[in-house]
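Asker: Following this message is one structure expressed as structure tokens.
What follows is calculated from the coordinates using simple rules that are stated; it is not laboratory data. Note that this is a predicted model, so its numbers are computed, not measured. Virtual Cβ from ideal backbone geometry, glycine too; neighbours counted across all protein chains shown.
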Amino acid sequence: MKFSYSWLKELTKFKHSPQELADLIVLHITEVESISSGAGSYSGVTVAEILEIANHPNADKLHLVTLDVGLGKRATVVCGAKNIEVGQKVPLALVGATLPDGELKPATIRGVESRGMICSAAELGLAKEAEGILVLPKTASVGRPVNEVLDAANDAILDLKILSNRPDYLSYVGLSREIAAVAGIKWSMPLELNFRSTGGSSSDHIGVEVKDEALCPHYRAHFVSNVEVKESPQWLKDKLISSGLRPINNLVDISNLVMLETGQPVHIFDCAKVSGLPGRSPTQRVSRLGESPQAGGKKIIVRRAKAGEKILTLDGVERDLNPEVLLIADHSGPIALAGIIGGESSAVTDLTREIIVESANFNQAVIRRGSKNLGLSTDASLRFERGLTAYLTELGMRRTLNLIQQVMPEAVIAKGDVLIGKRKSIAPAIKFSTRSVNDLLSTKLTNAQIAELLRKLEFGVKYAGGRLSVSPPPFRGDIKEMADVAEEILRLYGINKVSAEMPTGRMLAPKSSPHLILADQFKDYLARAGFTETPGHCFIGADWAAKLGLKLDDELKLLNPLNSGWTHLSGNLWPNLLRFAPKFGDVAKIFEINSTFIKSGLQPGRHSGPEGGVLPREEISLAILVGSREVDAYRWVRGTVEQLLSNVRGLKFVAVPGSDGDLYINTSRIMAKEIILGSLEELSPRLANELDLPHGGVWAEINLSRLAELQLEPLKFQPFSRFPSSSFDLSIELPISTSAGMLIGDIKSSSPLIREVTVFDVYYPTDSSRSLGLRVVVQSDERTLTEGEIAALISKVTDIVTTRHRGRIRGSESE
Amino acid sequence: MEAEIQKIIEEARQSIAASDRSSLIPSAAKFIGRQGSLTEILKSLGNLSIEERKRIGEQANQAKIAIEAMVTEREQKLSAAQQKQMMRRDVGLPGIPPVVGHLSPVTIVTRELISALTELGFEVAEGPEVELELYNFDMLNIPADHPARDQWDTFWVKQGKDGKNSTLLRTHTSPVQVRYMLQHQPPIRIISPGRTFRYEAENTSHSSVFNQFEGLMVDKGISVAHMKGVIDHFVKKILGSEVKARLRPSFFPFTEPSFEVDVWFNGQWLELMGCGMVHPQVLRNVNIDPSEYSGFAFGVGTERLAMLKYDIDDIRLFLSGDPRFVTQF
């Protein structure tokens, strides 16, 4: 809420500068989101002097006005106002200035470009309507900001964050009381509350029925006649403007002012528009002054709306109602949405002569539900949903009647409120020991100190039987137990007077979960191996899914997605990596480790706990993606997976047969014996092309949650042979139907002397064959291998290639 | 013989003079190697008379010494030339960086936070990202129909019949604390790093998907001073030992008193995180007796901290997959 510094000063009599006040508020009360000078919600508007007025070439009613804007500069703008004269000082907004309706943009008006606007009071947000431009005093200096000239000139506006448990901060009285307490200033209610009742009794004119007192614990109504609706006096308008509200008319302005001052929303009905009891004479009880022959038998009913009821609210919207919404109704139907907004049918107009003032307390949850239900949040609902106390209804009513009498002395105020609800609700005292509060806060306060601090905020404090007994003030609904009181004590005492201290406690050995350790190790390994972590949003939508040929049926749907691209939670990470890959150009090596969501898992989710089955399965997943112009991405991804999973027992890659039109090709299941850990796939050239990946793309995704459940081979040092190794290369031609992986496996297992088989070259001479360059490293732990032994190994390997795998040796070389 | 030796010397002179670093040793070997032409002559000396053996032997040895000297000289010359060549290097040329990958700044900062708190005996606790409304809100003293919920705009996954079974994307990692406290009695010291979600339009300071890092300590006699001690410790660890922190009043439904932590950074107070003493109602909700135990909790936005630390001005960069961003860390 925006607070005027000078208004607060008037109520609290502090000597602090705006910045000093802001510092005080930040440290003891609430966050100051901004301090700004000037009242209006405009900026960049400066004082200019009219030098020349010429006719617009294409429009009779428009003028081209040339102004001195200061520093020897001039500007010419189009203006349609009638009250302009040469020599006037006026507020000028040039392109780039900010007005309440937004930033000023250049405009072409009837063929002439205008790069500025001479403003009216309305355009500056200082009045609801204005005739012509705002003329500034002659003394205003050209080129200076307009807010220096206007009345609110020396004011500062503090925008405070309103905590959701402190509706009293949404009022000048509430905030000034807090400021006085923290600044050490004596405070008493600064508002005038007295008024003279000269009319009959309010209850002669109005009846009130509350259907459910739990929803409306307190309802006050007061009858006032002989009112005249017109523009408010300037002081009243200024107050509203300084808090960002637009003046409307005296009655509406009074109700708004009371809300700002006391925090209690009050509403004023045009009494003539509230219907009387059906079947009764409208003049059943005539007011004593007889000014109001129609009045009498008016009845206000507080009830839930019925399905099908409608109301036209003051913002001009017709709203369909339902039982979630609490209503103020009369016998003919809804006349206002309780605690939210008034209805058009009962609104005050220029013709209004008699009014009903409402000051009521509504259940906070019901107002919030209604406000959410209708999608309508107002200054009133904002206050009610934070939990106002019923105490405020009396304050709000008395202040409203006092102001009515100040602003329109001719008004006749009836005697007594019509009141439904208990007069006072006394909150029970909170009892605790001084030690317990000092222990919690790390303070050494005495009873007397605590009492002194709390009394500044109007708490009642007693000390009896070794315990403090604290009674919260009637305007505080948020104080329920010792912790709440402790916060008040600490705020006033000074949070930063408590010095930091390290806790002492029993040593605990922190546990950590296997999948987190794995995720951490994998992240480090991948970064060392040149992969970059690119986490993304975990959402997916129809467009991207369609592009990747995925169905969203198995993905978890959000009830309220932010946009059509983010409607579901993704069950895999790789679709997101494919989004990012094209940004990396010639070499994309990226990865993500994060949670994935499976709508219908066969296994229970790992977090489902006692509510099993309610939550979806969540798994930690790893996806890596390579797209590269220079290397064989497929083997690179596979090599990375082999390294990451090198301690998995029985790791194997099982090829999944594909067919010609597949979007994803060369699919391999990554398995640990019979357990599927993940998948390795390659984009079809068609899809790669569509995704703007000219070098293709290969990805692997591994389920780390499942991996973490496996018994992994611990890392052990392998002693190495003292004898030299030898190697020989074979150039082999292998039919396309034969797996090189199987061949290499066979070669490796054919002799304990064969230590390593690596592929150093692959190419495809024809469609049905493939050439492989294999390097075989042989070594013994007991001796240097002789040339004869090596030759025997060569022929053994040759035999495996030619007979078992039907390959052909194109050449060999040993070294 | 003598003519032959002269011829060898001459051939060697030309051959060595023409050789480069790699051919120098093989060229010399042609003459003085194991099977070199001069070596052959020396081997054949046995067939000669003593007189001749002495003379030719002398000449051949002289020739060998001469060729060896030629090799040495050539070697020096080549080295000198190579050094001259190498010294033409522009030492001002920029280095060639090794090709390594990069971790997300969120990973880096999360690790720093975990290390700063595990060294105080805090344990990493986890919970689901799709969470029950019960744990995300109700048990944390955030009732439905309370404006406090406005602080947490929510993505809903499933609306349960009675409300309690509704599921949502967790709006903070605090439900992890609830789950942990339901299963453990004090002493409790946990941290819960993790991904969280808010239903809000994205801009430079808001992301609908982001990370949080929360801490919880519950034990006998835990006070505001202990909370300050722990927060000071990790703020200094992450942002530097010269960084000052201050507390100011705030409101969270699950802590009372509640505070906001500001840090004095780059010449101004910047809002960093929320914290407070665990609300007695939250302790009662998880069957911990608030008259016996007290505790504190804190929560910081991991991206927010990373933004302060690295001067990042747009939170949307974290999930952008933009190589210009991700390769800087």
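Asker: ³J(HN,Hα) across the stretch B:8-25 via Karplus (A = 6.51, B = -1.76, C = 1.60, θ = phi - 60°), whole Hz, x for Gly/Pro?
Answerer: The phi angles translate into 4, 4, 5, 4, 4, 4, 5, 4, 5, 5, 8, 8, 9, 3, 7, 9, 4, 5 Hz.
Asker: Run the dipole for the stretch A:430-496 about the Cα centre, Lys and Arg Cβ at +1, Asp and Glu Cβ at -1, nothing else charged, and hand back the magnitude in debye, nearest 20. Show your work: numbers first, answer last.
Answerer: Values: 10 positive and 8 negative charges, 46 e Å.
In debye, rounded to 20, the stretch A:430-496 gives about 220.
Asker: Let me ask something else about it. Between A:PHE653 and A:HIS331, 0.36 nm times their residue separation minus their Cα-Cα distance comes to what?
Answerer: Length gained between A:PHE653 and A:HIS331: 108.1 nm.
Asker: Are any of the pairs A:LYS237/A:LYS273; A:LYS73/A:LYS138; A:LYS13/A:LYS480; A:LYS748/A:LYS796; A:LYS230/A:LYS310 more than 22 Å apart by Cα-Cα distance, and if so, which? List each step's numbers first, then the result.
Answerer: Values: A:LYS237/A:LYS273 27 Å; A:LYS73/A:LYS138 19 Å; A:LYS13/A:LYS480 31 Å; A:LYS748/A:LYS796 11 Å; A:LYS230/A:LYS310 30 Å.
Going by Cα-Cα distance, A:LYS237/A:LYS273; A:LYS13/A:LYS480; A:LYS230/A:LYS310 fall outside the 22 Å limit.
Asker: So which trypsin sites (Lys or Arg not before Pro) in the stretch B:154-223 end up in coil per DSSP with only 15 or fewer other C-beta atoms within 10 Å? Working shown, then result.
Answerer: Numbers: sites: B:LYS158, B:LYS161, B:LYS164, B:ARG170, B:ARG179, B:ARG189, B:ARG195, B:ARG198, B:LYS220; in loops: B:LYS161, B:LYS164, B:ARG170, B:ARG198, B:LYS220.
Those satisfying the criteria are B:LYS161, B:LYS164, B:LYS220.
Asker: Then there is this: Do any trypsin sites (Lys or Arg not before Pro) in the stretch B:27-66 lie in a loop, going by DSSP, with at most 16 other beta-carbon atoms within 10 Å of their beta carbon, and if so which?
Answerer: Details: sites: B:LYS30, B:ARG34, B:LYS43, B:ARG53, B:LYS54, B:ARG55, B:LYS64; in loops: B:ARG34.
Hits after loop and neighbour filter: B:ARG34.
Asker: Just tell me how shielded A:478-484 is by partners: mean number of partner chain Cβ atoms within 10 Å of each residue's Cβ, no decimals.
Answerer: Working: counts 2, 0, 3, 5, 4, 12, 4.
Neighbouring Cβ atoms belonging to other protein chains average 4 per residue here.
Asker: Would you compute, from DSSP H runs of 4+ residues alone, the mean residue ellipticity of the protein assembly as shown at 222 nm, taking -39500 (n - 2.57) per run and dividing by the full residue count, rounded to the nearest 500?
Answerer: Details: 31 runs with 332 residues, N = 1144.
Helix contribution divided over all residues of the protein assembly as shown: -8500 deg cm²/dmol.
Asker: So, one more: Considering every residue in A:215-223, what mean count of other chain Cβ atoms within 10 Å of its Cβ is obtained?
Answerer: Details: counts 0, 0, 0, 0, 0, 0, 0, 0, 0.
For this peptide, the per-residue mean of nearby foreign Cβ atoms is 0.
Asker: Separate question: Amide H neighbours of A:LYS415 under 5 Å, counting only residues 5+ apart in sequence or on other chains, H built in-plane at 1.01 Å?
Answerer: Distant-sequence amide H within range of A:LYS415: A:GLY199, A:GLY200, A:SER201, A:SER202.
Asker: Pull up the cross-link candidates among the lysines for B:LYS54, meaning alpha carbon to alpha carbon under 27 Å and not fewer than 8 places away within one chain.
Answerer: Reachable lysines: B:LYS7, B:LYS30, B:LYS43, B:LYS64.
Asker: Averaged over B:223-236, how many beta carbons belonging to a partner chain fall within 10 Å of each residue's beta carbon? Present the calculation step by step, with values, prior to reporting the outcome.
Answerer: Details: counts 9, 12, 9, 7, 5, 8, 6, 4, 1, 4, 2, 0, 0, 0.
Counting Cβ atoms of other protein chains within 10 Å of each residue's Cβ and averaging gives 5.
Asker: How do A:ARG110, A:ARG770, A:ARG166 rank when sorted from fewest to most other Cβ atoms within 10 Å of their own Cβ? List each step's numbers first, then the result.
Answerer: On the way: A:ARG110 12, A:ARG770 18, A:ARG166 21.
Result, fewest neighbours first: A:ARG110, A:ARG770, A:ARG166.
Asker: I've got another one for you. Take A:SER332, A:SER371 and order them by how many other Cβ atoms sit within 10 Å, fewest up front.
Answerer: A:SER332, A:SER371
Asker: List the GluC sites (Glu not before Pro) in the stretch A:622-681 that DSSP assigns to loop (not H, G, I, E or B) and whose Cβ has at most 11 other Cβ atoms within 10 Å. Which are they? Spell out each step's value before the answer.
Answerer: On the way: sites: A:GLU630, A:GLU642, A:GLU674, A:GLU681; in loops: A:GLU630, A:GLU674.
Here the GluC sites (Glu not before Pro) that fit, given the DSSP loop and packing criteria, are A:GLU630, A:GLU674.
Asker: Among A:ILE311, A:GLY466, A:LEU625, flag the residue with its Cα farthest along the positive direction of the charge dipole of chain A, charges on Cβ as +1 for Lys/Arg and -1 for Asp/Glu.
Answerer: A:GLY466
Asker: Specify the angular offset, from 0 to 90 degrees and rounded to the nearest 10, of the alpha carbon long axis of helix B:224-239 from the longest principal axis of the alpha carbons in chain B.
Answerer: It works out to around 30 degrees.
Asker: Exposure proxy check: B:TRP156, A:TRP636 ranked by fewest other beta carbons within 10 Å? Write out the running numbers ahead of the final one.
Answerer: Working: B:TRP156 15, A:TRP636 18.
Listing B:TRP156, A:TRP636 from fewest to most nearby Cβ atoms yields B:TRP156, A:TRP636.
Asker: Using alpha carbons only, how many angstrom separate the centre of the stretch A:546-580 from the centre of the stretch B:48-110?
Answerer: 61 Å
Asker: Next question. For helix B:174-183, what angle does its Cα long axis make with the longest principal axis of chain B, in degrees from 0 to 90 and rounded to 10?
Answerer: Relative to chain B, helix B:174-183 is tipped by roughly 80 degrees.
Asker: I've got another one for you. Total Lys pairs in the stretch B:105-326 closer than 30 Å by alpha-carbon, pairs eight or more apart in sequence or interchain only?
Answerer: Close lysine pairs under the 30 Å cut-off: 12.
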